[in-house]
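Right, one structure below, let's go through it.
A short reminder: the numbers here are calculations on the coordinates, not readings from a lab. Source: prediction; values computed, not measured. Because the Cβ atoms are built from the backbone with ideal geometry, glycine has one as well, and the counts that use them run over all protein chains shown.
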2 protein chains.
Amino acid sequence: MNRIKLLTITCLFSITSMAQVMVDESTKMLYSPDESVFLWFSIDGGRPYYSVSYKQQPVVKKSYLGLELAKDKHASKGLEETDLMGDFQLVDTKKSTFDETWQPVWGETREIRNNYNELAVTLKQRETNRIMILRFRVYDDGVGFRYEFPQQPDLNYFIIKEEHTQFAMAGDHTAWWIPGDYDTQEQETQESKLSEIRSRFHDAVNWSNSSVSVFSETGVQTSLQMKSADGLYINIHEAACVDYATMHLNLDDKTMTFESWLTPDATGLKGFMQTPCQTPWRTVMVSDDARDMLSSNLILNLNEPCKIEDTSWIHPTKYCGVWWEMIVGKSTWSYTDDFLSVDLDRTNYQTAKPNGRHGANTENVKRYIDFAAKNGLDQVLVEGWNIGWEDWFGHWKEYVFDFVTPYPDFDLWELNNYAKKKGVKLMMHHETSSSVTNYEQHLEKAFNFMNRWGYDAVKTGYVGDIIPRGDHHYSQSMNKHYMHVVEEAAKHRIMVNAHEATRPTGLCRTYPNLIGNESARGTEYEAFGGNRPDHTVILPFTRLQGGPMDYTPGILETQLNTWSDNKNQVNTTLVGQLALYVTMYSPLQMVADLPENYAKYADAFQFIRDVPCNWEQSIYLEAEPARYVTVARKAPYEGVDCWYVGGKCNEDGHTSVIKLDFLETDGYYNCTIYADAKNAHYKKNPKAYTIQKKRVKKGDILKIKQAPGGGFAMSLYEANPSLKAVIR
Amino acid sequence: MNRIKLLTITCLFSITSMAQVMVDESTKMLYSPDESVFLWFSIDGGRPYYSVSYKQQPVVKKSYLGLELAKDKHASKGLEETDLMGDFQLVDTKKSTFDETWQPVWGETREIRNNYNELAVTLKQRETNRIMILRFRVYDDGVGFRYEFPQQPDLNYFIIKEEHTQFAMAGDHTAWWIPGDYDTQEQETQESKLSEIRSRFHDAVNWSNSSVSVFSETGVQTSLQMKSADGLYINIHEAACVDYATMHLNLDDKTMTFESWLTPDATGLKGFMQTPCQTPWRTVMVSDDARDMLSSNLILNLNEPCKIEDTSWIHPTKYCGVWWEMIVGKSTWSYTDDFLSVDLDRTNYQTAKPNGRHGANTENVKRYIDFAAKNGLDQVLVEGWNIGWEDWFGHWKEYVFDFVTPYPDFDLWELNNYAKKKGVKLMMHHETSSSVTNYEQHLEKAFNFMNRWGYDAVKTGYVGDIIPRGDHHYSQSMNKHYMHVVEEAAKHRIMVNAHEATRPTGLCRTYPNLIGNESARGTEYEAFGGNRPDHTVILPFTRLQGGPMDYTPGILETQLNTWSDNKNQVNTTLVGQLALYVTMYSPLQMVADLPENYAKYADAFQFIRDVPCNWEQSIYLEAEPARYVTVARKAPYEGVDCWYVGGKCNEDGHTSVIKLDFLETDGYYNCTIYADAKNAHYKKNPKAYTIQKKRVKKGDILKIKQAPGGGFAMSLYEANPSLKAVIR
């Protein structure tokens, strides 16, 4: 073993020597538990740096670490504005090993192993005597590291002008990126060489989004998935972004070096810190197998354990809602067309003339409640239930909603009673219109209102420019707000599904009532012009790294003009929509289409009725970014072995070869396969599908063809389960 | 009468002709009820303008009106960013008269007459078809006018880049001004010619204040008091500043024209408007008698009537507090010296070592409660009762206080009980450290906490730079915050005394639970280096125009080094401090010195014990800005005629000649006069005073000498009141 290590180190020396790196006493090295990932740390002229390799291939070349501080006009001493960039010496080193298995409240697997080797280097700035700790955790599938600042007289408070964490890439990788932006994440992902980002940047921006704030022509968002020419999959993101600004990456496309670029607040400053404190973890995931990118728990593992003591009220949730009909344009969130603008304190809704197209009316909501009850769905989301929607967007308006006053045609009492009788709950909707000041003023009352009426989940929204004006969606202050809402919600035993909030960084481990996020381009864009067919085989590599997405799948009637004036077509096959319930993991899954559309495809809909949204085990069978994702998931039923398999592909189609060796018993399984018909095509023939039922057994091999923009979905039920079979 | 009017108009023509003004069909003129004030309105090349004269002397020369709009990136139409500056034509004119007498919940007088003539001109912008109304109210002591924007398709939302309201002065007046500043009002007032503002500006700024944001070398704050060479007193301020930024004035010192300069928020923009809406009233008070400046109710009258239905819980309040001993430096707000910084969620106070100087300890607070009970004071303010003070200021820190957690040595239960037994209430203190985000998150809980413990008044504070960061103390958003606190407090039946908040504009008429404000340099500065002796004979002309000030008078031990290490000396005589209870009207009066200091001057203290802080009637007897103010006020006792007279002067001293013709009955009055001793002097001999008791009657003339920096105080009780005498 020692000989192997020596060989490896020798190889690394050859790598590092290319970068003219000296090994001296400040140089520290660390392997991951299985030795596939190797971390190098050292100091160069007072500047700390690191590098990462994977199986002796460079992943991150020599990359400097440091923070640039802003002048703090409040500071009594000048010291606090001296940068934390250089003049460092190593004063202490600690290495340790950690191996623990923990159970998430909900997740892709019932147990998660957290196994890493840790290196903590304590650095001292010579002139200032200030201490900074760099903590590295090396996993078999990547590295996480962060800056830590112990409390100390000369580093008590400080202001971050910019974090300068480098990630020097070893080549001109292929990257799946979206433009760096302080206010939107709802972009179509670009696939290009790193060197091509600049030339493609302008066209990659979704300029029509409600709030756009790009900052650099080579600025991109994380999680950023890359692939090297040698077939290494590399992913850069962050974990546990708490009380800190969200990180972007800005590329120096001469050296292929990314550098962190934080989101500022209204002052242009990027972080207000009080020691003791730390940055979020900066993560670099790496593997030579794309499936490892999807099965990795590195980001969850770097988050703190659950802080909510009693989690009994947190539950995976399948829901439908009065939503898609508004997105498509058949009905409206607003109740009337009478008003030029709305003043919640003065506008009289009682005398207003209804526009006749208001979706959230009592009768229509009852229809959805009936649908939910009939099909085993837990909840019914109702958007547009509360006054203000006539004038909710586009004017940086502050007092947009009060979150407690229903429209005259929404009978709150009747509907909650009706739902209760049917064993269903209504799901609350709080669109804030990004008027955060207003939301915080109403939050306590709004949550009390939910408790009073029996709601236990809220979908929040942050469409538009932030109030306090000048602030951005992903700044430290806004990240604090999102956490504040999640924490206050937990006190009220409320689950949160935040839309347009900061992209997640694994915080759902710590606060599992954060049951969902949007934070990317969702299904709604299918009605606004379309998502590319490869969109949902990129998201698992990027957006989903930090936590589940409320992607709102299930649009079986992909041709919207069959039931509305919307000319758009969803860019998947019908079966592709079924597949998403398996390939896009989320404990919160919407059944997004209209009841009447599901009635048209009742046999296919059966899969949506059946599929759970919590899992015992997940095995990624096939994966390639922007090409295909195939995953088998074990349902959390005790006493029966039951699996769901989903496959989704891009516009090229894909043939999956699935060996059923994951099945746990030797008996037969009842297998139902929902597949694209032979001539299916996401554009030309999206609704051609077959449903095949057969008996299979462990070890069988299934070959399933996915159409262009298509997919497949499959259920496998142990034929002879014990009588004790129960849902866990 | 017609002939007189004609003459007057002729005179005005000569004035206006100097400014080359044409009388055309858009020209409108209006007199005040007694014809002393005259308003001229017209349009010049599409630009509206006005002028004001007083008894045929020019007060405001031709001054343009208009608003510059900012580009609204959210607007769907370009129209909304077209300025509201010109291209206007007159489309309608309405004149009316109003005369009403109303009763304030508390005030200087029991009844207030609101009598004005009104001119409302409706203007239409030719190109845009947008309507703007200018509403002028002409009082006998000045003019108020505002911009109104009816709801209309082409003016629905708009953003104000700047308001360009001009106030063209007719000469190089003497002005009492403080530097225009977005974040502090705690300046020493400057007396200079308008032309001297620029050269004196830099030295006039209180650069050491916790938050300074000056914007122009000729920028000043309102209320701005001026005096012309001809002896006209002119005051510019604003009334009813609601949902709008606070106005400053920027002087063009070539033309002696002021122009409005609003306070921006973090974006640099100054107003976010939704029609129907209006600006605050812009006010110009004028008289040839300085006393009219003080007795004017123009600003209160321009505010909306009381919006609080049941006001029975709002009461004038005399209070002492654990405060001056910290200001002077004898004790501390903080409990311990152990902490480098505080994290309210993690810092352990229970194990901290007390610093032994914490003012708000149970024993000391009891001492103040005893003092209050013994001397008929209503409440005891306790500052530094809640955790966080070790680290409350100077770092733009967000989570500074939670407003509900007492220090270990402050026994909340015991003290509230003890106070209750003694017939006294504790007064709450909420220092926000300007972390408004944090305060709003805790507000509901903090007010519930007050209700639970029986507090009915809160002193709030806004020291330091605002969070949300980048915002300013007097912006539209912050003004909305202050109103939000007052409104939420009213729901909890809580009175508010806001320190460092926006200077008041008469809103206490509408929300009489806004019982006090600081919003200027208070008594605390006497311990920080001193207020000039003329400070308190300027404030009634300036700061007090908008509402009462919690000036915290009553420092009888003016030489601070007699009981502390503080070397400062209060820059009034002892008797001068007594006078302030009469000359500086407030329904909230602090008895600010320490109990042991009052014990030293028990005979003089008797006046503070006796003097009420609500009045039936007020008669200003003598007044000259920065020189002297003398006022007689009738106590609100039924069945007895009882008056208090106070006089205060600057460093030159003053001899008041007071004719007692305001007394209402013909019998004798028991008169007690607290006067400076002959050799008294605010610096050299501040505590030399005499107390003289005598019998006087209506019509008597009293000659009372006030020492340099001194004053006098006097009570007059009808000798034979009816037996029914009760406090109203």
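Any idea what the dipole of chain B comes to, in debye rounded to 20, about its Cα centre with Lys/Arg Cβ at +1 and Asp/Glu Cβ at -1?
With only Lys, Arg, Asp and Glu charged at Cβ, the dipole is about 1740 debye.
Averaged over B:257-270, how many beta carbons belonging to a partner chain fall within 10 Å of each residue's beta carbon?
Working: counts 0, 0, 0, 0, 0, 0, 0, 0, 5, 8, 7, 3, 3, 0.
Counting Cβ atoms of other protein chains within 10 Å of each residue's Cβ and averaging gives 2.
Which of the residue pairs B:Lys62/B:Lys124; A:Lys600/A:Lys684; B:Lys330/B:Lys420 have a Cα-Cα distance greater than 23 Å in the structure shown?
B:Lys330/B:Lys420
Quick check: pseudo-label points 7 Å beyond the Cα along Cα→Cβ at B:Thr405 and A:Ile133, how many nm apart are they?
2.3 nm
Below 15 angstrom from the Cβ of A:Leu716, what's the summed charge of the other residues (Lys, Arg +1; Asp, Glu -1)?
0
What is the Cα radius of gyration of the range A:170-256 over 2.2 N^0.38 Å, N being its residue count?
Against the empirical 2.2 N^0.38 Å value, I get 1.07 for the range A:170-256.
Based on the mean of other beta carbon atoms within 10 Å per residue, what is the order of A:415-425, A:221-231, most packed first?
A:221-231, A:415-425
State to the nearest 20 debye the size of the charge dipole of the range A:314-519 about its Cα centre, where the only charges are +1 on K and R beta carbons and -1 on D and E beta carbons.
On the way: 22 positive and 26 negative charges, 177 e Å.
Here the range A:314-519 has a charge dipole of around 860 debye.
For a protection proxy built on the mean count of beta-carbon atoms within 10 angstrom, sort A:258-267, B:618-627 highest first, please.
Those peptides, ordered most packed to least, come out A:258-267, B:618-627.
Of the listed pairs A:Lys55/A:Lys95; B:Lys353/B:Lys425; B:Lys227/B:Lys254; A:Lys366/A:Lys683; A:Lys71/A:Lys270; A:Lys161/A:Lys397, which have alpha-carbon separations greater than 24 Å here?
B:Lys353/B:Lys425; A:Lys366/A:Lys683; A:Lys161/A:Lys397
What average number of partner chain Cβ atoms lie no more than 10 Å from the Cβ of the residues making up A:475-487?
Neighbouring Cβ atoms belonging to other protein chains average 1 per residue here.
Quick one: Karplus J couplings for the range A:233-242, per residue in order, coefficients 6.51, -1.76, 1.60, θ = phi - 60°, nearest Hz, x for Gly and Pro?
My calculation for the range A:233-242 gives 9, 10, 9, 10, 8, 9, 10, 6, 7, 10 Hz in order.
Under a straight-distance cross-link criterion of Cα-Cα below 23 Å, which lysines are reachable from B:Lys703, leaving out those fewer than 8 residues away in the same chain?
By straight Cα distance, B:Lys703 reaches B:Lys634, B:Lys648, B:Lys659, B:Lys678, B:Lys687, B:Lys693, B:Lys694.
For B:Phe662, what residues show an amide H to amide H distance below 5 Å, using hydrogens built from the backbone and excluding near sequence neighbours?
Here the answer is B:Gly699, since their amide H atoms fall under 5 Å of that of B:Phe662.
Give me a comma-separated list of calculated 3J(HN,Hα) values for the range A:164-175, in order, Karplus coefficients 6.51, -1.76, 1.60 applied at θ = phi - 60°, integers in Hz, x for any Gly or Pro.
Listing the rounded values in order: 10, 8, 9, 9, 7, 7, 8, x, 8, 5, 6, 10 Hz.
Which cross-chain or sequence-distant (5 or more) residues have an amide H under 5 Å from the amide H of B:Thr460, H modelled 1.01 Å from N in plane?
Those qualifying (amide H under 5 Å, at least 5 residues apart or on another chain) are B:His430, B:Asn497, B:Ala498, B:His499.
Mind checking the range A:118-181 for GluC sites (Glu not before Pro) that DSSP puts in a loop (not H, G, I, E or B) and that have at most 14 other Cβ atoms within 10 Å?
Counting only loop positions with at most 14 other Cβ atoms within 10 Å, the GluC sites (Glu not before Pro) in the range A:118-181 are A:Glu127.
Counting only residues 5 or more places away or on other chains, whose amide H sits under 5 Å from the amide H of A:Asp534 once H atoms are built in the peptide plane?
Sorted by chain and number, the residues that satisfy this are A:Glu651.
Short version: ³J(HN,Hα) in whole Hz for each residue of the range A:109-115, in order, from phi by Karplus 6.51 cos²θ - 1.76 cosθ + 1.60 (θ = phi - 60°), x for Gly and Pro, what are they?
Karplus values, whole Hz, x for Gly and Pro: 9, 7, 10, 10, 8, 10, 10.
Report the charge-dipole magnitude of the range B:412-457 in Debye, nearest 20, computed about the Cα centre from +1 at each Lys and Arg Cβ and -1 at each Asp and Glu Cβ.
Numbers: 6 positive and 5 negative charges, 72 e Å.
That gives a dipole near 340 debye.
Within a Cβ distance under 9 Å of A:Val537, other residues only, what is the Lys/Arg minus Asp/Glu net charge?
0
Which order do the peptides B:406-413, A:703-710 come out in when sorted by mean C-beta neighbours inside 10 angstrom, highest first? Could the numbers behind the result be given before it?
Working: B:406-413: 17.5, A:703-710: 22.9.
So the order, starting with the most tightly packed, is A:703-710, B:406-413.
Give the Rg/Rh ratio for the range A:314-519, taking Rg as the radius of gyration of the Cα atoms and Rh as the Kirkwood radius, to two decimals.
On the way: Rg = 16.4 Å, Rh = 17.3 Å.
So for the range A:314-519, dividing Rg by the Kirkwood Rh gives 0.95.
State the extension gain, in nm to one decimal, for the chain segment bounded by A:Lys421 and A:Glu638, taking 0.36 nm per residue of separation less the distance between their alpha-carbons. Display every interim value, and only then the final one.
On the way: separation 217, 0.36 × 217 = 78.12 nm, distance 2.84 nm.
Gain on stretching A:Lys421 to A:Glu638: 75.3 nm.
Just want the answer: with Cβ charges of +1 for Lys and Arg and -1 for Asp and Glu, which residue in B:Val60, B:His473, A:Leu621 is farthest toward the dipole's positive end in the protein assembly as shown?
The residue sitting farthest along the positive end of the dipole is A:Leu621.
Take the alpha carbon atoms of the protein assembly as shown, find their radius of gyration, then divide it by 2.2 N^0.38 Å using N residues; give the quotient.
Ratio of Rg to 2.2 N^0.38 Å for the protein assembly as shown: 1.04.
Report, in deg cm²/dmol and to the nearest 500, the calculated mean residue ellipticity at 222 nm for chain A, where each DSSP H run with n ≥ 4 adds -39500 (n - 2.57) and the sum is divided by the residue count. Please list the in-between numbers first.
Details: 13 runs with 126 residues, N = 728.
The helix contribution divided over chain A gives -5000 deg cm²/dmol.
Provide a whole-number value for the mean count of partner chain Cβ atoms within 10 Å of the Cβ atoms in peptide A:458-468.
2
Computed FRET efficiency, Cβ-Cβ of A:Asp252 and A:Lys95, R0 25 Å: what is it to the nearest 0.05?
So the FRET efficiency works out to roughly 0.20.
Which net charge results when you count Lys and Arg as +1 and Asp and Glu as -1 among the other residues whose beta-carbon is under 11 Å from that of A:Ser51?
+2
Would you please give the FRET efficiency between B:Gln57 and B:Arg627, computed as 1/(1 + (r/R0)^6) with r the Cβ-Cβ distance and R0 = 35 Å, to the nearest 0.05? Show your work: numbers first, answer last.
Numbers: r = 22 Å, r/R0 = 0.63.
According to the calculation, E is roughly 0.95.
Translational D (Stokes-Einstein, µm²/s) of the range A:30-302 at 37 °C and 0.692 mPa s when Rh comes from the Kirkwood sum over C-alpha pairs? Walk me through the numbers on the way to the answer.
Numbers: Rh = 19.4 Å.
For the chosen part, D equals 169 µm²/s.
I need the shape label for chain B. Rule: rounded when a/c is under 1.5, else prolate if a/b > b/c, else oblate, with a, b, c from the alpha carbon gyration tensor.
Because a/c hits 1.5 or more and a/b fails to exceed b/c, chain B counts as oblate.
Under 8 Å for C-alpha pairs, at least 6 residues apart: give me the relative contact order for chain B, rounded to a whole percent.
10 percent
Given a Förster radius of 35 Å and the C-beta distance between A:Glu664 and A:Glu414 as r, what FRET efficiency does 1/(1 + (r/R0)^6) yield to the nearest 0.05? The partial results should precede the final answer.
Working: r = 47 Å, r/R0 = 1.35.
FRET efficiency, A:Glu664 to A:Glu414: 0.15.
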